[in-house]
Amino acid sequence: MQKIILIIKREFLTRVRKRTFIIGTILFPLLYLGLIFGTGYIADKTREDLKIALLDRSGLFNEELVNAVNKNDTANVFKLINANPEAIITSFDSLGFDGYVIIPENFTWQTGTDSLLVNTKKSFGIGALNPVEKKLNLMWNKVKHDSLGIDLAKEAVLNKTVSLRQHNEKNKNTDAGIATIIGYVSGFLMYFILLLYGSQVMMGVTEEKTSRIAEVVVSSVKPFQLMIGKIIGIGMVALTQFLIWIACIFIIYNIGKTTAGNNSASFAMVGQIQHVFTSMNIPLVVGCFIFYLLAGFFFYSSLYAAIGSAINEDMREAQSLSFPITMLIIFSIALMAPAISNPSSAIAVWASIIPFSSPIVMMARIPFGVPNTVPWWQLGLSMTLLIAGFILTTWFAARIYRIGILMYGKKPSWKEMIKWAFRK
């Protein structure tokens, strides 16, 4: 046991002291926030606002109507052309317009038409044309309402819609929107951690094997002890990084709560975060995430360690042998979307119980509520099978590891590695 602890300590300290770990731990949240706000900023700056000339030959549109629509949104504007429309048709671009739309004479509010042409000199994307189409429809609806004698009061009544808010009798605080977001974030975070740190285990074992360090180490410890120590050590690195991110979230929340003051935007943001905390059992979600992170990591990383012990310096061997393991993780993330869409469906239940997919799918279901959406027996069975699963995969991988770590110059297949597992 003491030897395993020494290996765990070495693996943990070696990785947390690396500059890549420190930079990744600090910069990942910043880069993620930058990605969210940066893409929005870039999209706003690269948005193409159009100026469209409106040639109305039907007499249904007027200056007041066009100005009212432009007043609410000055990004994409229409200009009603009454004088010299032929000049617009022949040289609209030189007059400062990006295009023009002709309302034909036979265009009436009873008949209308399904489509109108917007004439341009160059092609514009859907993102640029959709706001223009929306404005034109706003004016067209106003024309129809005026023609039917619908005043503002009647229009307000017609525009009223009904929205549905979920009321869960067992868990009144459940918010489906927030649960969906937390489910996706938890599932994808689990997906990236399993892939990233699982491959780190594989590469670490391969480096020690090719540099012949493993031969020196296994002379004083058993191969099983070396593999377990390496897996637990790297798993603790992943857990440490996750706990640091959680701590950062709570610190930012408390600072924002204290400094929000009279700033309405900050106050609203803090209110939204507070709503997240009150709409679900955060300690249960975080606790389950830690369990599934470690158990899922042990389940997959033992297999990655077995693969790392079997391959040599050729990275193509690693890719081909690790492909089935990677596909299991990718298949699990594919199951996550239908599980979030309907967390009580049969596919969601079974995918959250089967060990190879439960770390991702169960973490996508838990935010919807325990025990109303995820009964205690399903959570307990999922955890029990996952524990049994990583014990089985650890035993299986250890049998391969003891032979593969000392074998050189041969390209093994999965069939041969399975034979190693059952060799006495």
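Values quoted throughout were computed directly from the atomic coordinates according to the rules given, and no laboratory measurement underlies them. Source: prediction; values computed, not measured. Using ideal geometry, Cβ is built from the backbone for each residue, glycine included, and neighbour counts are taken over all protein chains shown.
Note on Phe422 and Trp377: their simple-model spin labels are 3.5 nm apart, each label 7 Å out from Cα toward Cβ.
With a Förster radius of 25 Å, plug the Cβ-Cβ distance of His145 and Lys51 into 1/(1 + (r/R0)^6) and report the FRET value to the nearest 0.05. Intermediate results must be reported in sequence, preceding the final value.
Details: r = 26 Å, r/R0 = 1.05.
My answer for the efficiency is 0.45.
Using the number of other C-beta atoms within 10 angstrom as an exposure proxy, rank Ile193, Ile126 with the fewest first. All intermediate terms of the calculation are to be shown ahead of the outcome.
Values: Ile193 20, Ile126 7.
Taking fewest neighbouring Cβ atoms as first place, the list is Ile126, Ile193.
Placing +1 on the Cβ of every Lys and Arg and -1 on the Cβ of every Asp and Glu, with nothing else charged, gives the stretch 51-158 a dipole about its Cα centre of roughly 240 debye.
Modelled spin labels at Lys121 and Ala334, positioned 7 Å past Cα toward Cβ, are 4.9 nm from each other. Spin-label model, Thr240/Phe192: points 7 Å from Cα along the beta carbon direction are separated by 2.0 nm. Does the stretch 51-158 classify as rounded, prolate or oblate by the C-alpha gyration tensor (a ≥ b ≥ c root eigenvalues; a/c under 1.5 gives rounded; else a/b over b/c gives prolate, otherwise oblate)? It is prolate, given that a/c is not under 1.5 and a/b is the larger ratio. Residue exposure proxy: Val162, Val157, Val361, Val237, ordered by other Cβ atoms within 10 angstrom of their Cβ from fewest to most, comes out as Val162, Val157, Val237, Val361.
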